[in-house]
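Working notes for the structure below.
The values are calculated or read from the model by the stated rules, or taken from the named source; none is laboratory data. Only a predicted model underlies this, so the values are computations on that prediction, with no experimental measurement involved. Because the Cβ atoms are built from the backbone with ideal geometry, glycine has one as well, and the counts that use them run over all protein chains shown. With ligands, DNA and RNA removed, areas are computed over all heavy atoms of the protein, side chains included. Shrake-Rupley method; radii C 1.70, N 1.55, O 1.52, S 1.80 Å.
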Amino acid sequence: MPLKSINPTQTAAWEKLKEHFIEIQDTTMKSLFLSDSNRKRDLTLEFEALRLDYSKNRVSGETLDLLLELAEECDVKDGIEQYFKGDKINATENRAVLHTALRNSSDDAIEVEGENVLPEVHDTLQKIENFSEKVISGEFTGYTGKAITDVVNIGIGGSDLGPNMVVEALHYYSNHLKTHFISNIDGDHVYEVIQNLNRETTLFVIVSKTFTTQETLTNATTVKNWFLEDAQESDIQHNFVAVSTNMEMVSSFGIASDNVFTMWDWVGGRYSLWSAVGLSISLSIGFKNFRQFLDGAYAMDQHFRETSFEKNIPVVLALLSIWYNNFFGSESEVVIPYTQYLEKLPPFLQQLSMESNGKSVDRDGNPVDYQTGNIIWGNTGTNVQHAFMQLVHQGTKLIPVDFIGFEEPLHGNVMHHEKLMANFFAQAEALYAGKTADEVHLDMKTKGQEADIARLLPFKVFAGNKPSNAFLFNKLDPRNLGILIAIYEHKTFVQGLIWNIYSFDQFGVELGKELANKMLI
Ligand code: F6P
């Protein structure tokens, strides 16, 4: 059955939140901490090796209760059940949304059009495992019989951002294979990637759910022509595989059916890295690690489906985001992983969130009269402290922050990691506490700068009271990364549920494609 259409602004909870906002908008987080010695404990959620501290948010117990009331009135629970059961909640495309089935290792029956899809999912995973092992071991060879040394993923959007991000994030767990990504139609980019590759030992993975995307087909054709400068058409089967739903187009491109990994139309591109779209991940880190990555997401799925909302990590994060977006008027939130391995997480989350919730028509087809999808951006700490944190600390905009950190370094450099994590904690503290005029005055006096106090003090004050969430894992490993990504997938879904929009289509990307094609004629 379709998702219910409930205008959030028509709910009683929304009205209460509007009144409550007027009361609390100037309340400082400092006062909230002073009035509740258990605040940090009570506003920290734990899941396996993750501790999520959301105590540095502009919320009181009453705020959280009203936000939870909003989730209830918008029947989020019903939406979650439909999401997992495979109801066609992607109503505009008449599809189920079952990226959760891709990591479901149980023998549940999850039906699409009356057919249990899990056996086919598990078969595809088995094919991914078998193929990965053959390539990694050298059993699978290129057209001249040599072992594969390089893998090139050719795809864009969800056929690039996810695998690209995960391959980099889990590089510590990678094997000898070198993995490259071609996405942009920019021919210079394509050339830079292939110029030093050896045709004989390179495996090309063409990833395109539709196999009609202009960039990917153009890039794949260019790469194939480069390959055929030395090889024959019959050699393509040894160095090219494809991931798609469109068998006909794959075949006409010249890829043998044995070399095609299926995917399904009930998996959205930006949610597809758990499928064969993630083949380059499995090749890079081995299927065992890929399975642990899936298992982490599956564990979070169960948390999301079964946990009461006040302890439900994706639900709480979605409600906090809506609180800032729709009541404080914050138009963006910034994601700052304190590990260089997650440099590509913000771009991945941009597609996940903004392509899902960048909508302005509600589930009845009417224009919304409230804010929906917010802007996601970010980069790694500590680099951001030397880039955009000036604005976040002392600018005029309220920008909630997600800090993501890991207690342990992977290569064991404790001295560096202690400094990295000191900055992780310090940034959240600085945003929260700020620096008062009195503190600046004392600081400048202590430093012998009395002569400049009157002139410079205003510029050195930090308002503080700026919110942040702190995700702290024990270490960056496949399972924890699977948990983290699933959290953001489900947060995105809950936001869309409450905003009464459809999060799983993306008609907004069609016009640009049409106009580009017209310009080429
Ligand atoms: O950005 C539009 C989009 O359709 C994304 O949703 C998708 O991930 C990407 O283009 C690539 O699509 P395909 O995998 O079909 O090439």
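Worth pointing out:
- In region 123-135, the count of residues that are small (G, A, S) and either under 30 Å from K16 (Cα atoms) or out of contact with any Leu (no Cβ under 9 Å at 6 or more places or on another chain) (or both) is zero.
- Pick from region 158-180, criterion open to solvent by less than 20 Å² (accessible area, probe 1.4 Å), closer than 14 Å to V277 by Cα and of a type outside the set (V, I, T), ranking: farthest from the ligand (Cβ to nearest atom): M165
- Options N474, N465; residue that is within 30 Å of N325 (Cα to Cα) and not basic (K, R): N465
Residues are listed down the side, and each one gets a yes or a no for (1) at pLDDT below 95; (2) outside any helix (DSSP H, G or I); (3) among the β-branched types (V, I, T); (4) open to solvent by 10 Å² or more (accessible area, probe 1.4 Å):
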| residue | (1), (2), (3), (4) |
| --- | --- |
| F471 | no, yes, no, no |
| K475 | no, yes, no, yes |
| R479 | no, no, no, yes |
| I483 | no, no, yes, no |
| I487 | no, no, yes, no |
| F493 | no, no, no, no |
| I501 | no, yes, yes, no |
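- Looking only at region 353-395, residues that are more than 30 Å from H416 (Cβ to Cβ) and either within 16 Å of the ligand (Cβ to nearest atom) or at pLDDT below 95 (or both) come to 8 in all.
- Only a single criterion out of (1) surrounded by 20 or more Cβ atoms within 10 Å (Cβ to Cβ); (2) under 20 Å from the mean Cα position of the chain (by Cα); (3) more than 11 Å from the ligand (Cβ to nearest atom); (4) not aromatic (F, W, Y) is not satisfied by N239, namely (2).
- Per the conditions (1) open to solvent by 10 Å² or more (accessible area, probe 1.4 Å); (2) assigned to a helix (DSSP H, G or I), the sole criterion not satisfied by P409 is (2).
- Of the residues making up region 137-156, those that are surrounded by 19 or more Cβ atoms within 10 Å (Cβ to Cβ) and either within 16 Å of the ligand (Cβ to nearest atom) or assigned to a helix (DSSP H, G or I) (or both) are V152, N153, I154, G155, I156.
- Candidates Q82, Q25 - the one that is polar (S, T, N, Q), open to solvent by 50 Å² or more (accessible area, probe 1.4 Å) and touching a residue at least 40 places away in the same chain (Cβ under 8 Å): Q25
- Given (1) assigned to a loop (DSSP other than H, G, I, E, B); (2) open to solvent by 30 Å² or more (accessible area, probe 1.4 Å), number of the condition K77 does not satisfy: (1)
- For A463: the one exception among (1) away from the ligand (no atom under 16 Å from the Cβ); (2) open to solvent by 70 Å² or more (accessible area, probe 1.4 Å); (3) closer than 30 Å to V76 by Cα: (3)
- Residues that are within 18 Å of V152 (Cβ to Cβ) and within 16 Å of the ligand (Cβ to nearest atom) within region 242-259 comprise A242, V243, S244, V250, F253, I255, listed in sequence order.
- Among the residues making up region 181-208, those that are under 21 Å from S284 (Cα atoms), open to solvent by less than 50 Å² (accessible area, probe 1.4 Å) and not β-branched (V, I, T) are F181, S183, L197, R199, E200, L203, F204, S208.
- Count of residues meeting criterion [outside any helix (DSSP H, G or I) and in contact (Cβ under 8 Å) with a residue 40 or more places away in the chain] in region 105-133: 3
- Any hit, region 425-434, residues being within 16 Å of the ligand (Cβ to nearest atom) and out of contact with any Leu (no Cβ under 9 Å at 6 or more places or on another chain): no
- Number of the exception - E233 against (1) within 25 Å of I136 (Cβ to Cβ); (2) more than 31 Å from the chain's Cα centre (by Cα); (3) without any contact (Cβ under 8 Å) to a residue 40 or more places away in the chain: (1)
- The residues in region 194-215 that are within 16 Å of the ligand (Cβ to nearest atom), of a type in the set (D, E, K, R) and modelled with pLDDT of 95 or more can be counted, and the count is 1.
- Cβ pairs under 9 Å, 6+ apart, first in region 375-396 and farther than 25 Å from G358 by Cα and outside any helix (DSSP H, G or I), second among the aromatic types (F, W, Y) and open to solvent by less than 40 Å² (accessible area, probe 1.4 Å): G381/Y338; G381/F403; G381/F424; T382/Y338; T382/F424
Residues checked against (1) open to solvent by 20 Å² or more (accessible area, probe 1.4 Å); (2) closer than 29 Å to S284 by Cβ:
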position: T92; (1), (2): yes, no
position: A96; (1), (2): no, no
position: A101; (1), (2): no, yes
position: G114; (1), (2): yes, no
position: D123; (1), (2): yes, yes
position: K127; (1), (2): yes, yes
position: N130; (1), (2): yes, yes
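- Restricting P347, P367, P314 to residues that are over 19 Å from M165 (Cα atoms) and open to solvent by 30 Å² or more (accessible area, probe 1.4 Å) narrows the list to P367.
- Condition met for W274 (aromatic (F, W, Y), open to solvent by 10 Å² or more (accessible area, probe 1.4 Å), under 25 Å from T212 (Cα atoms) and out of contact with any Ser or Thr (no Cβ under 8 Å at 6 or more places or on another chain)): no
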